[in-house]
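Contents: one structure, followed by commentary.
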Amino acid sequence: MRSGVVAGALAYAALAIGNGYDRLAISAPGTASHVPSLFAVHALEVTGEAALLSNPHSAAAQAERLVARAPIEPSSTTLLGASRAASGDDGGADRAFRVAGQLGWRTPMTQSYWLSAALAAGDTRVAAQRLDALLRQRPDLLSRSEVLAPFESDAAGRDALFERLLTRPPWLEAYAGATDPATPAALIARRLPVLTMLAGHGIVLGCAAIAPALGQLLSAGLTSEAATLRRWHCPESAR
């Protein structure tokens, strides 16, 4: 009986070590390919995401294994959807992302997929909701002009974006300051009107929040536009 207890303890220890090694793949992606297949869950997610651009068919195969291992994890079906989309399987991607959406909206790739789908369908209001959810997780995306261009470049998109900004999401101040340094003209054409609309509705962001955008405009010699931005969102400085 004692030998059975020892064997059980050893088996439990081996399982704990294997699971721990699998979790290590999240913080140390280089270890993912070395995790034994018996324990690979997080490792499949890491290696699958890495293969998305270079080998989407391999990523899809790994995603299918991941779904079999962890079927209720949103990240599993999200990876499956992304790999199918990258492989050109639009129908398969849609089915996978529908399941991922039902399991949870916290995965950025799922949000991105349904954001794009809403824009393609012309539903800017739903697209703005998905954008809001995405930016709550990834506020760093605010500095990428292609993420916001579909909203800031179109009247209906601006209205939908403005509606979300009126709720004062946690990325509101970052929105005012995060800009693409290479395109100050885009700030004028797209973001400045939205910021002006916010100020007109009583949401004044303050000098610190607009400082990056203000500096970009001034560096580009756009003093009139900088003065407009300062007047609306940093009135104490304008005075």
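Since every read-out is calculated from the coordinates, none of them should be taken as a lab result. Please read these numbers as outputs of a predicted model, since none were measured by experiment. Because the Cβ atoms are built from the backbone with ideal geometry, glycine has one as well, and the counts that use them run over all protein chains shown.
Odds and ends about this structure:
- FRET E, pair Cys207, Arg125, Förster distance 35 Å, beta-carbon r, rounded to 0.05: 0.65
- Highest to lowest packing among 58-66, 149-157, 206-214, 162-170, scored as the average C-beta count within 10 Å: 58-66, 206-214, 149-157, 162-170
- The P(r) of the range 127-239 has a tail past 25 Å containing 13 percent of all C-alpha pairs.
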